[in-house]
Structures are given as C-alpha cells and as structure tokens.
Amino acid sequence: MVARSSWRGSISFGLVTIPVKLYTATNKREYVFNQLCQNGHRIKYKKWCPTEDREVPYSEIKKGYEVTKDNYIVFEKEDLQKIRLKTTRSIDIKEFIDEDELNPIFIDDSYYVVPDSKNGNEKPYALLVKILNDNKMVAIGKVILKDKEDLIALRPYQRGIVMHVLNYLDEMKPVDEIPEMTGPKSKLDPQEISLGKLLVQKYRNKEFDIGEYSDSYIQELKKLIDAKSKGKIFVTSTPKEKGSTKDLLQALKASIETKKK
C-alpha cells in the first residue's frame, strides 16, 4: 500500500522556506474488541443524564470545565472558536541545539518529513539535512497540528528528516512526585559492582538491530484470532515467572554462568 501524506506545508527559518510533506512514522495495527451481550449482539452506548433520568441528544450536549465538585463552567462552541489557533501550515524553527541535548523522554510522536517537489525546489531541504548531519544538530520549532500548537524537533534520520512532536515541560510529571526516584539507599559492594559490569558486557551487542524484536503478545493474539476463526483450539505456553533477587551477589554469578552456556 502506498503511504499517504498526513500534512502539507513548509519549514521556515529566517527567510528560507522549504516545502515539505509529513508522513506518520508509525504503522501500529490495533486490535479493537467490541463489547457484546451474551447472545453476541454489539452493545450501544447512550449519552445519559442521571439527574434528569433521560437520554441526551448530541445537539444538547455542551462542554464544561469542573472548577469545584459538580460545579461547572459551561462553554459554547463560539467561546472555543475565539481562541482557536489559525492554521499557518508552517513549521517555524526557533533554534538549533546539539543532538545530545534532546532528551528522549520528551518525545511523544514522530513523522517523516519529505520534500514537496510539486511546490518548490528540493535544494533547501537537502541543505538542511546536510547541516543537521554534519553538525550533529537538531532544530527546535513549533507547528499547528490538529488545532494544537505543538513543540517539535527536526532530526536527521537515514536519508532525510524525522519530526518528533515533543511534550511541553509542564505536561511532564515532576520527578519529585515519585518518592522512589530520590535515589537508592542501599550501599553496593565492590564485587557486586564488578560482576554487574561484567554481566552487562555479556549482554552488549556491537550494533543495535530493532528488527530482532517484536511484540510477543500481538504475535500470540494473531494466532489466537486465526485459531478461533477456524474453530480450532488454541494452546499457548505460559512463560515461567522469574523470582525476585534476594542475594544479589549469587544472582550476578549465576547470570554470568548462564550467559556463558
């Protein structure tokens, strides 16, 4: 199947404009299960007002923001239209940073960015790719996607550019809210540290190949669906759960010996 672009516009910085198109970088197939009654009929949901004990038609439904318990500010469609951002169809670069400064924790979604040859010269695109590659840099900017102003990062990837949609800092949960993230309190023995490093080296590969990995659950789900559709009985082997590490030193030694074998 030929991929279709999801957005068309341009990258701009200074007086330079680069016509581009966006393609979603992920191709996730979700298996959606519908809820059925005991006779196999699909369940339907109704918009129900429990206070008035009646079904509410879509035309009567409004948006509300809860300020205190059961106390809402009601918004009309016109209210939200007033603050709706104007779509500019432009990825505006604000700054360039070293690639090491982009922390992966902020990445939310990714798109492939390709030159739009129908709307301009591909030379500016090639120049941007070369600059980012040669200087190991990432461009930080903003773009309006789906009525929301997104913070983005443009990063060189293979023969072109990938655009990461980033979470804003205030969208991230502060680490201080996680008590266990204050740091381990246990003291490590020098032998434990030495064996730990040795075990890591045993698992280390020279080159990471993501193609070696797949979602085991999805693979089993495919087999289950296939078996059920053909009226066959599906049997799967449940992996044995690993026990907790009580003696770290013994666990490290045993792990190294197992890896050797």
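The values are calculated or read from the model by the stated rules, or taken from the named source; none is laboratory data. None of the values given here were measured: they were computed from a predicted structure. Ideal geometry is used to build each Cβ from the backbone, glycine not excepted, and the neighbour counts take in all protein chains shown.
Within the range 31-39, can one find any residue that is touching a residue at least 40 places away in the same chain (Cβ under 8 Å) and either surrounded by 10 or more Cβ atoms within 10 Å (Cβ to Cβ) or assigned to a loop (DSSP other than H, G, I, E, B) (or both)?
yes
What pairs come out if I take residues in the range 234-261 that are under 21 Å from Lys202 (Cβ atoms) and modelled with pLDDT of 80 or more and pair them with residues that are outside any loop (DSSP other than H, G, I, E, B) and not aliphatic (A, V, I, L, M) whose C-beta lies under 7 Å away, six or more apart or interchain?
Pairs found: Leu248/Glu192; Leu249/Gln191; Leu249/Glu192; Leu252/Glu192; Leu252/Gly196; Ile256/Lys202.
Yes or no: Phe13 surrounded by 11 or more Cβ atoms within 10 Å (Cβ to Cβ), within 17 Å of Val143 (Cα to Cα) and modelled with pLDDT under 90?
When the stated conditions are applied, Phe13 passes them.
Given the residues Asp134, Asp98, Asp109, which is the only one that is among the acidic types (Asp, Glu) and surrounded by 15 or more Cβ atoms within 10 Å (Cβ to Cβ)?
Going through Asp134, Asp98, Asp109 in turn, the sole match is Asp109.
Tell me which residues, restricted to the range 169-196, are farther than 27 Å from Glu257 by Cα and surrounded by 10 or more Cβ atoms within 10 Å (Cβ to Cβ).
Glu171, Met172
For the range 102-116, what are the residues that are out of contact with any strand residue (DSSP E or B) (no Cβ under 8 Å at 6 or more places or on another chain) and under 17 Å from Ile161 (Cα atoms)?
Pro104, the sole residue that qualifies.
Only one of Ile105, Ile131, Ile97, Ile73 is more than 26 Å from Arg4 (Cα to Cα), within 20 Å of the chain's Cα centre (by Cα) and β-branched (Val, Ile, Thr); which?
Ile105
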